[in-house]
């Protein structure tokens, strides 16, 4: 270091240097080509300079390369440009960010042509950034009602940029029942390597806050951390827990050593690898929303009251946005429910008008049917000696009765069913109904087997309606047997705890799972003709009796319908 | 056996009922709308009225029935209709029985006989016990 004019000036310079060092200011001298000649201790420390930095271009300090060169204060001051100043930002090897004000002045001091004064304005800059941050966040949050996006923005602000500059941040929100704090989202690297990579990227790209906030969602690394935090749940009632305490006292809490601190549960410490962290409440308009944790896990910068306070102030803003997003979500959900209810109502209305129409139609049809059938019966009765006429008239009459039954089936669906219940002996009801059904079974070549449990107690039922159910299920079984080789129906009764269970098994073609699940739905039919109402009417009737109807089926083998009817426990019963 | 006032607008059905009920020995007189029915009930003093619900002109069977009953409370009225949905309707309760029209005339005949028997005994039966459950 032997430039300049001799021992006297060197001594002078050293004295100056000592004074300047004591002031905490950086000082450097540059030659006419803007190459570094000398820097004081402070500056060398700040910029990591060593003896080999001497003679290097000014960029070792001001970091100007490429597009920054024209704006460089040092270059500007060189060559008689006059006084210049600029701001230099630097992130050191430990990931710490600092900001310096550089003032360059032309000078003639030996062969030095530029003297540079460097002041550390990190703190002031940080504070300005904080104000900018809050305002930027407010802007970004304006109109953001998606909760996940809000959380992500908040966490990004806490960790990115230099205003708050935490390494990692986690959000826990109160669940619906307000019993637990549940991990919702996290932002931050999961390892040192990743952290270093991110910092060097950041300092290289020097992204603005806007650019950072414009990122739509969590980065890959964040997702891993988010998954970890989402598996965590802390009950609010656990008063000794730091998260619960933060929430309940509505105050920020700093934990300096998570492992040793009683307030931090082992599960939490281990899952998030916590060491030193700060926890702040998220409260909006007096409503407790959750808590936010932040730490300096990788940079290991100490967390103090100042940090905590900053974070708390910031979280107040964030809480409002979170509360809004939540309220919006709730409203959205309720709107969906209303839409669904409205849809159901419209469907019900449509069904009702179909019902009304069906009622009138049935009436219109009944009158002529009565005429046709009535006269056919009269013909049959009067043709005592004419066998052919009797037979023909009989056919007409039977078909008319069949039509009447179809009509009855349609209308009973639309009419509300009000059963008149009395004690009923199920076995005799079954026997009687089957007797009336007898010729249908014989004509179809169907064998019917009865397996009735004897001495069954009575059930409480409307015998007419239950008969209808029996008829419906028998009809269904008969139809299922069409075209089958083996045509058998087994009707059984048995006692159960709650009542009588009547089973109808057929050796029909069975049904697949999809059909089986839909079989009781109104208007559902797999048959070419048929209203598809028989089974749904039966279900309605059984439900009105407080019983249940179900079906098991195997494709290719057949189906078994099970109907349960509750016992009669009135005093009049047996 | 009895004088029955049949209130029915469909001519073919009138013919059917006249034939069938006549064969049972009853005298059947016919009205084909509500207003005429009320007049005939007053004049002919039937033992029983069979009333259809849907009738032409402005008066339907329910109204006609209530007017007939206000003239003479003791006349049994059997509703014989193609509508099944008014069975549980309170307006039908004034009737002795509610029969849904069918080619099978047995339910109607049963209801007629029951009502006439009760009338002989001097009291009217209740419409709710006159209700015949299907298939029983």
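The values are calculated or read from the model by the stated rules, or taken from the named source; none is laboratory data. The structure displayed is predicted, hence computed values, not measured ones. Because the Cβ atoms are built from the backbone with ideal geometry, glycine has one as well, and the counts that use them run over all protein chains shown.
Considering A:383, A:376, the condition of being surrounded by 14 or more Cβ atoms within 10 Å (Cβ to Cβ), away from every other protein chain (no Cβ under 13 Å) and at pLDDT 85 or above is satisfied by A:383 alone.
A single entry from B:75, B:112 fulfils the requirement of being more than 14 Å from chain A (Cβ to nearest Cβ), part of a loop (DSSP other than H, G, I, E, B) and either out of contact with any helix residue (DSSP H, G or I) (no Cβ under 9 Å at 6 or more places or on another chain) or crowded, with 19+ Cβ neighbours inside 10 Å (or both): B:75. Within the span defined as region A:292-299, one or more residues are farther than 30 Å from residue A:403 by Cβ and either within 10 Å of chain B (Cβ to nearest Cβ) or modelled with pLDDT under 80 (or both). Flag: residue A:107 matches the condition of being surrounded by fewer than 16 Cβ atoms within 10 Å (Cβ to Cβ) and either assigned by TED's automatic domain parsing to the domain that holds residue A:158 or part of a strand (DSSP E or B) (or both). On the given criteria, is residue A:314 surrounded by 13 or more Cβ atoms within 10 Å (Cβ to Cβ), within 21 Å of residue A:150 (Cα to Cα), touching a helix residue (DSSP H, G or I) at 6+ places or on another chain (Cβ under 8 Å) and modelled with pLDDT under 85? It is true that residue A:314 is surrounded by 13 or more Cβ atoms within 10 Å (Cβ to Cβ), within 21 Å of residue A:150 (Cα to Cα), touching a helix residue (DSSP H, G or I) at 6+ places or on another chain (Cβ under 8 Å) and modelled with pLDDT under 85. For region A:58-89: of the residues being surrounded by 17 or more Cβ atoms within 10 Å (Cβ to Cβ) and at pLDDT 80 or above, which is nearest to residue A:126 (Cα to Cα)? My answer is A:88. Exactly one residue out of A:17, A:9 is closer than 19 Å to residue A:107 by Cα and either in contact (Cβ under 8 Å) with a residue 40 or more places away in the chain or surrounded by fewer than 16 Cβ atoms within 10 Å (Cβ to Cβ) (or both): that is A:9. Just one residue in the set A:232, A:212 is assigned by TED's automatic domain parsing to the domain that holds residue A:295, at pLDDT below 65 and under 25 Å from residue A:303 (Cα atoms); that residue is A:212. Taking first residues from region A:476-491 that are within 12 Å of residue A:559 (Cβ to Cβ) and not assigned by TED's automatic domain parsing to the domain that holds residue A:551 and partners that are at pLDDT 85 or above and part of a loop (DSSP other than H, G, I, E, B), no Cβ contact under 9 Å between residues at least 6 apart in sequence or on separate chains turns up. I'd like to check something: does region A:290-297 contain any residue that is assigned to a loop (DSSP other than H, G, I, E, B), assigned by TED's automatic domain parsing to the domain that holds residue A:152 and within 23 Å of the chain's Cα centre (by Cα)? No: region A:290-297 contains no residue that is assigned to a loop (DSSP other than H, G, I, E, B), assigned by TED's automatic domain parsing to the domain that holds residue A:152 and within 23 Å of the chain's Cα centre (by Cα). Considering only residues in region B:92-109 that are over 22 Å from residue A:407 (Cβ atoms) and more than 14 Å from every other protein chain (Cβ to nearest Cβ), the one that is modelled with the lowest pLDDT turns out to be B:94. Is there a residue being surrounded by 13 or more Cβ atoms within 10 Å (Cβ to Cβ), within 31 Å of the chain's Cα centre (by Cα), part of a helix (DSSP H, G or I) and in contact (Cβ under 8 Å) with a residue 40 or more places away in the chain anywhere in region A:343-360? The answer is no; no qualifying residue exists.
Within region B:2-25, being more than 14 Å from chain A (Cβ to nearest Cβ), surrounded by fewer than 21 Cβ atoms within 10 Å (Cβ to Cβ) and at negative phi holds for B:2, B:3. Screening residue B:24 against (1) in contact (Cβ under 8 Å) with a residue 40 or more places away in the chain; (2) within 29 Å of residue A:401 (Cα to Cα); (3) within 11 Å of the chain's Cα centre (by Cα) leaves a single unmet condition, (3). Residues that are more than 29 Å from residue B:105 (Cα to Cα), assigned to a helix (DSSP H, G or I), within 50 Å of the chain's Cα centre (by Cα) and at pLDDT 85 or above are absent from region A:468-476 altogether.
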